[in-house]
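Asker: I'd like to ask some things about the structure below.
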């Protein structure tokens, strides 16, 4: 959903509280989405990154998502179809190798990811 815009003297303005904000941190760690060549995609708090190895805290695997066209949209807006997403349970920590992408998320996206029911068989 696009925030309401007003125009004054041909300049467009958006309310400050309508602009997407970066997700809250956990002990200074940013909430991110990570994509790996080998292990897939994850969301969690970025504890460390060295070369192509990332350690996340409180991480969830993003096995399948619906309602976002890409990881970029997922990181900015979250999902609009949470009932059809497949995000397994959160793990305390995980080391992910062969990382090719790390994207900071907005608070809106974090809440959306957190709101997806745990998928299990």
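Laboratory data are not the source of any read-out in this text; all were calculated from the coordinates shown. Everything quoted here is computed from the prediction, not taken from an experiment. Heads up, the Cβs are rebuilt from the backbone with ideal geometry, glycines too, and the neighbour counts pull from every protein chain shown.
Asker: Which FRET efficiency value, to the nearest 0.05, do you get for residue 81 and residue 38 by plugging their Cβ-Cβ distance into 1/(1 + (r/R0)^6) with R0 = 30 Å? Please report the intermediate quantities before stating the final value.
Answerer: Details: r = 27 Å, r/R0 = 0.90.
After rounding, the FRET efficiency stands at 0.65.
Asker: Right, another one. What does the C-alpha gyration tensor say about the overall shape of the chain? Classify as rounded when a/c is under 1.5, otherwise prolate if a/b is larger than b/c, or oblate.
Answerer: prolate
Asker: Can I ask one more? What distance in nm separates the two pseudo spin-label positions at residue 117 and residue 89, each 7 Å out from Cα along the beta-carbon direction?
Answerer: Rounded to a tenth, the inter-label distance reads 1.7 nm.
Asker: A further question follows. How high is the relative contact order of the stretch 20-114? Use alpha-carbon pairs under 8 Å, at least six apart in sequence, and give a whole percent.
Answerer: 37 percent
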